[in-house]
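The values are calculated or read from the model by the stated rules, or taken from the named source; none is laboratory data. These numbers come from a predicted model, not from an experiment. As a convention, Cβ positions derive from the backbone with ideal geometry for all residues, glycine included, and neighbour counts pool all protein chains shown.
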Amino acid sequence: MRGGNEKATRRARLFRRDMTDAERKLWLVLRDRRLAGHKFVRQEPIGRYFADFCCREKKIIVEADGAQHADSARDARRDAFLTSHGYRVVRFWNHEIMQSLDMVEDTILAALDEDWEGGGR
């Protein structure tokens, strides 16, 4: 983490240790430059928020969301903040990751290739 503070570092480590099943499955695709050579990091602190997965080079954030995120005003504020800092946010429901990983990968690749016009949720 670049320039983070100690509290953010501890919190990010906790989030990385306590990943959901969907986050674990998606991380197996994103880690070690496995997705077309793009480098992703987990639980990247950006302002007061933490991105589930972030490709710093392309400024793409990938979020794995459970039911608690349905119609979330907090997520809308968070996405607005991240967008105002130059990031694109791609969100997927956990069940999409668990059941349609190929579609998830294709959508992320399209976002990385800047052909992206939406996708995810």
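Values for this structure:
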read-out: Residue match in the stretch 50-61 (condition: among the aromatic types (Phe, Trp, Tyr), modelled with pLDDT under 95, on the phi < 0 side of the Ramachandran plot and part of a helix (DSSP H, G or I)); value: no
read-out: Every pair of residues 6+ apart whose Cβ atoms lie under 7 Å, when the first sits in the stretch 92-113 and is over 18 Å from Met19 (Cβ atoms) and part of a helix (DSSP H, G or I) while the second is at pLDDT below 95 and of a type in the set (Asp, Glu); value: none
read-out: Neighbours by Cβ (under 6 Å, 6+ apart or cross-chain): first from the stretch 15-27, more than 13 Å from Val41 (Cα to Cα); second in a helix (DSSP H, G or I) and at pLDDT 90 or above; value: Ala22/Asn94; Ala22/Ile97; Ala22/Met98; Lys25/Ile97
read-out: Considering residues of the stretch 23-49 that are at pLDDT below 95 and assigned to a strand (DSSP E or B) only, the residue nearest to Ser84 (Cα to Cα); value: Ile46
